[in-house]
Amino acid sequence: MILGTVALAYGSVPLYKMICQQTGWGGQPILTHRVGDGDTASRVTPVTDSRRLRITFNGSVSDVLPWKFTPQQREVRVLPGETALAFYTATNKGPQDIIGVATYSVTPGQVAPYFSKIQCFCFEEQKLNAGESVDMPVFFYIDPDFATDPNMKGIDTITLSYTFFSK
């Protein structure tokens with residue numbers, strides 16, 4: 001019984017992560033939209049007659065992690081279907097090497113199913129040596145279907161937020 005409970009608790013985090021990434025639930029961006037054979041290239045065609053969206057960035061760390069974590073840019077402007085690359089910088093201000101893991105969310109939450117990350121550092125362990133700084137890229141796009149969804153009509157600004165926690 002105890003072993004089953006421990007296994008369930010241990011497995012629930014990856015399961016929760018997978019569900020959120022596939023559905024956009026809880027403001028979690030979808031990793032990539034699966035169309036046909038899963039080819040992302042068919043989804044990254046800019047919708048040139050759409051309005052540009054303002055993507056803003058936020059970074060924070062838990063209280064127990066002696067890191068500084070900030071976006072390198074305040075915002076980018078993209079068309080739905082257009083790829084974008086953003087960077088965050090993490091610095092270990094502590095005296096010891098530390099492993100951290102980032103979680104993320106998108107606001108407003110109803111945009112999450114359209115926010116697709118092609119490459120990201122989130123949910124992967126990041127080891128920073130004492131005093132080390134690293135640049136962390138996020139390569140993403142807003143799915144072109146965003147432009148035709150009437151529920152997205154009034155949304156012009158989307159915020160991508162990351163929080164680092166100690167592993």
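So here's what we get for this one:
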read-out	value
Cα centroid separation, segment 80-119 to segment 140-156 (Å)	20
Those lysines that a straight Cα-Cα span of less than 21 Å connects to LYS93, excepting residues fewer than 8 apart in one chain	LYS68, LYS127, LYS167
Under 25 Å from LYS153, Cα to Cα: lysines that are on another chain or at least 8 residues apart	LYS117
Ranked packing of 47-53, 140-146, 120-126, most packed first, by mean Cβ within 10 Å	140-146, 120-126, 47-53
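The numbers here are math on the coordinates, done by the rules we state, and not lab data. Every value quoted in this text rests on a predicted model; they were computed, and no experiment measured them. Heads up, the Cβs are rebuilt from the backbone with ideal geometry, glycines too, and the neighbour counts pull from every protein chain shown.
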